[in-house]
Amino acid sequence: MPVLGLAGGAAVTVGLGHSCALLTNGTAACWGDNTFGQLGDGTTVSRQAPAPVAGLTNIIALAAGYQHTCALLQGGSVRCWGYNETQQLGDNTNVNRSLPTQVVGLTGGVAAIAGGGAHTCALLITGSIVCWGDNSRQTW
């Protein structure tokens with residue numbers, strides 16, 4: 001079944017109760033649960049239809065975690081928004097954000113991103129991997 005109000009999708013990512021689409025014009029739109037701002041529209045109002053992520057252009061990839069979302073921008077920087085209790089947004093706080101916020105230290109050089117339950121990781125163009133957020137449940 002098509003998502004109403006969404007045209008030109010290039011990729012999709014899904015969190016616990018929210019979804020986001022990367023659009024072919026380099027922007028993103030999200031819908032679903034928005035209790036912690038994980039839709040990135042500057043509110044905590046849940047949405048049945050896709051709402052544009054505020055202030056981001058030139059997005060090349062999206063990654064959703066449990067209740068947070070991140071975007072990889074052209075040029076290799078990363079912005080995240082939503083739930084942040086375990087610092088999964090990478091802004092050195094545990095404050096929830098309803099607008100995209102810069103991940104500290106990742107202003108360039110990122111090739112790919114992935115969202116986990118309460119953490120986020122980035123693959124750097126050097127081949128190194130950096131992660132931030134919850135580190136209490138290590139698995140090998």
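Every number in this text was worked out from the coordinates using simple rules, so none of it is lab data. No experiment lies behind these values; they were computed from the predicted model shown. We place every Cβ from the backbone using ideal geometry, glycine too, and count neighbours over all the protein chains shown.
Checking the condition within 11 Å of the chain's Cα centre (by Cα) and of a type in the set (A, V, I, L, M, F, W, C), which residue from Val53, Val95 passes?
Val53
Out of curiosity, is Leu106 over 16 Å from Leu16 (Cα atoms) and among the hydrophobic types (A, V, I, L, M, F, W, C)?
Judged against the criteria, Leu106 is a match.
Those residues that are surrounded by 14 or more Cβ atoms within 10 Å (Cβ to Cβ) and either of a type in the set (S, T, N, Q) or not in a strand (DSSP E or B) (or both), I need them from region 120-140; list them, please.
Result: Thr120, Asp134.
Take the residues in region 81-92 that are of a type outside the set (Val, Ile, Thr) and over 12 Å from the mean Cα position of the chain (by Cα); name whichever of them is farthest from Cys20 (Cα to Cα).
Asn92
Please enumerate the residues belonging to region 1-55 that are under 17 Å from Gly115 (Cβ atoms), of a type in the set (S, T, N, Q) and in a strand (DSSP E or B).
Thr13, Ser19, listed by residue number.
When only residues in region 90-119 that are touching a Lys or Arg at 6+ places or on another chain (Cβ under 8 Å) and without any contact (Cβ under 8 Å) to a residue 40 or more places away in the chain count, which is surrounded by the most Cβ atoms within 10 Å (Cβ to Cβ)?
So, considering only residues that are touching a Lys or Arg at 6+ places or on another chain (Cβ under 8 Å) and without any contact (Cβ under 8 Å) to a residue 40 or more places away in the chain, the one surrounded by the most Cβ atoms within 10 Å (Cβ to Cβ) is Val103.
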